[in-house]
Amino acid sequence: MAGEQVIVGLEVHCQLDTKSKLFCGCSTDYRAEGPNTHVCPVCLGLPGTMPVLNKRSIEYAMRVAKALNCSVLPESEFSRKNYFYPDLDKAYQITQYDKPLAEGGYLEIEGDEGGEKRIRITRVHVEEDPGRLVHMGNAERGRYSLVDYNRAGIPLIEIVSEPDMRSPKEARKFLNKLRATLEYLSVFDSEKEGSLRVDANISIRGSERVEVKNITSYKGVEKALTFEITRQKNLLRRGQKVDRETRHFLEARGVTTSSRSKEQEHDYRYFPEPDLRPLQVQSWVERVVLPELPDARRERFIAQYGCSLNHARTLTGDLRLANFYEKVVSPDPAKFATLADTWISDTLIGELNYRTMSIDAVDPAGFTGLLDLLAGGSITDKSGIEVLRVMLDRHRDHQPCETPAAIVDSLNLRKVSSGTSENSPACGMAHNPVQTAIAEVLTEHKGAVEDYRKGKKGAFNFLVGQVMKKTRGCADPGELNQLLVEELKKKET
Ligand code: ZN
Ligand code: MN
């Protein structure tokens, strides 16, 4: 479908996680004490006030620029972007325009065609956030709107990409990678509502470009883009053309609607902000040191712990998850590295998503305890999942947490073995419990035994299942298989 190539570019606004606002000392904690409590003459834009630049926010912005492989310009400049909107009390936004903080970088993502793909970054600039409008009533029938200026003046960075993404999935991967990078840099709190907002430019090659504004969730980006691609392709198939316009994404309905024709840049009457001097960072930028970033950590996880590429990607794609992994394996990396790699990536993440719980809810030491039981062969993988579920459910329900070993004992989950007698009583069964169970199953299900002799593969699995049921999942699967084969052979002779 060469004629229908999808082209996506993103503009991402991220709140920098500073204590105070960009040009005044007001707190950035915009929900703490109700609306319009963290405001002052500067961020309310009263006449005669002067902005004073927050140094920390420039430090943070430079970290981001460097991590995105951009060149930080020795001199950048703030401008006034003039427009009227109720959330913009001054009727202009202080932002960077002609001379942004940084230009020309890239971020690597896992591309649709596999392997790393570079998404070029056009520019990174600093600006202030406007206030927040709260619409009373519902989306269709708004009664009136309230304005909260607590958010006005919070430092933002705007990151503009080149149109290098070719699908909604690549756009989502770009955002995930960007979020991870910002978190590794300790400049961003993704848990804060509205901390990341996306405008997406999308077109089908050869036709006009549409801008979808103000998408506020990561999932929203993929949904909005998928909707737009279908809409634009349908127009083109009917021989109509796509209008160049700005559209809004209605998250609840999963659709975009036309909002207005796009303003031209000259409508904003940009001019240099007369109350701020040009920003000179030439010697400062060299002193900005970056921590280990997601790509480097991913490679380290592969080299140091032997993680698979996919698991290493998952684990390091989220700062808290990566920290959790390293805490879990730290008591004995040689023993836990591989187990933790699969148990976190394949099992724990799924169980957390199912409960909409975050990794912060899991105690690393408790998880190491669980892996220890698995490593020592005390419980089967199946029991391990059961113990994990109990641990998570108790945490979710605010019940006291027990150690994994205590949960294993209270649920009688210690592995049943036909061999040594010391293992067997824990499961409350007589000795040779697996053999006893096999003997019972073979007499109870003569039909299945017949089927097995006739060569029906399903019959064997059925018998395994029955024995598992009798031992309540505590039988070692390898041993069970082996004993069952032996017993069936005996019956043949
Ligand atoms: Zn203020
Ligand atoms: Mn902007």
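Taken together, the values in this text are just the output of simple stated rules run on the coordinates, not laboratory data. Because the structure is a prediction, the values reported are computed rather than measured. Glycine also receives a Cβ, built like all others from the backbone with ideal geometry; neighbour counts cover every protein chain displayed.
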To test your reading of the geometry: what angle, between 0 and 90 degrees and rounded to tens, separates the Cα axis of helix 333-342 from the longest principal axis of the chain?
80
In whole Hz, with x marking every Gly and Pro, tabulate ³J(HN,Hα) for region 116-129 from phi via Karplus 6.51 cos²θ - 1.76 cosθ + 1.60, θ = phi - 60°.
7, 10, 8, 9, 6, 9, 6, 7, 10, 9, 9, 7, 9, 7
Hydrodynamic radius (Kirkwood) for region 426-492, which is based on Cα pairs only, to one decimal in Å:
11.9
Entries of Lys219/Lys415; Lys55/Lys223; Lys173/Lys469; Lys335/Lys490; Lys55/Lys327; Lys117/Lys233 with Cα pairs more than 31 Å apart:
Lys219/Lys415; Lys55/Lys223; Lys173/Lys469; Lys335/Lys490; Lys55/Lys327
Per residue of region 148-165, what does 6.51 cos²θ - 1.76 cosθ + 1.60 with θ = phi - 60° give for ³J(HN,Hα)? Whole Hz please, x for Gly and Pro, Karplus curve as stated.
10, 8, 4, 7, 5, x, 5, x, 10, 10, 10, 10, 10, 9, 6, x, 9, 8
In degrees between 0 and 90, to the nearest 10, how far off the longest principal axis of the chain does helix 319-329 point, with axes built from Cα atoms?
30
Where does helix 364-375 land angle-wise versus the long Cα axis of the chain, in degrees 0 to 90, nearest 10?
30
Grab the other residues whose beta carbon is less than 14 angstrom from that of Gly45, score K and R as +1, D and E as -1, and report the net.
-1
Which of His135, His125 comes first, and how do the rest follow, when ranked by fewest Cβ neighbours within 10 Å?
His135, His125
Rough spin-label spacing in nm, given labels placed 7 Å along Cα→Cβ, for Glu245 and Glu4:
2.2
Extension gain from Thr356 to Ile302, taking 0.36 nm per residue of separation minus the Cα-Cα distance
16.6 nm
Ordering 142-154, 183-195 by per-residue average of other C-beta atoms within 10 angstrom, highest first, gives 142-154, 183-195
Note on the chain: the mean projected area of its alpha-carbon convex hull, in nm², is 31.9
Evaluate the relative contact order of the chain (contact order divided by residue number), counting alpha-carbon pairs under 8 angstrom at least 6 apart; express in whole percent.
12
Using alpha carbons only, how many angstrom separate the centre of region 174-226 from the centre of region 1-75?
16
In whole angstrom, the spacing between the Cα centers of region 356-395 and region 312-345 equals 14
Amide H contacts under 5 Å for Glu245, placed H, 5+ residues apart
Glu211
Would you kindly derive the ³J(HN,Hα) couplings of region 443-449 from the backbone phi angles with the Karplus curve 6.51 cos²θ - 1.76 cosθ + 1.60 (θ = phi - 60°), listing them in order in whole Hz, with x for Gly and Pro?
7, 6, 10, 4, x, 5, 4
Relative contact order (%) - criterion: Cα under 8 Å, at least six apart; region: region 294-410:
21
If packing is taken as the average count of other Cβ atoms within 10 Å, what order do 352-358, 399-405 fall into, highest mean first?
399-405, 352-358
Computed [θ] at 222 nm, helices only, for the chain once each DSSP H run of length n ≥ 4 contributes -39500 (n - 2.57)
-11500 deg cm²/dmol
Two-site label geometry, Asp29 and Thr122: point separation in nm, points 7 Å out along Cα→Cβ:
3.8
Shape of region 36-159, Cα gyration tensor, a/c cut at 1.5
oblate
Positive minus negative residues near Gly111 (Lys, Arg vs Asp, Glu; Cβ under 11 Å):
-2
Expressed as a whole-number percentage, the relative contact order of region 426-492 with C-alpha contacts under 8 angstrom and at least six residues apart is 36
So what's the net charge close to Asn69: Lys and Arg +1, Asp and Glu -1, counting the other residues with Cβ under 15 Å from its Cβ?
+1
Would you be so kind as to identify which of Gln435, Met468, His445 lies farthest towards the positive end of the dipole of region 426-492, taking Lys and Arg as +1 and Asp and Glu as -1 on Cβ and the Cα centre as origin?
His445
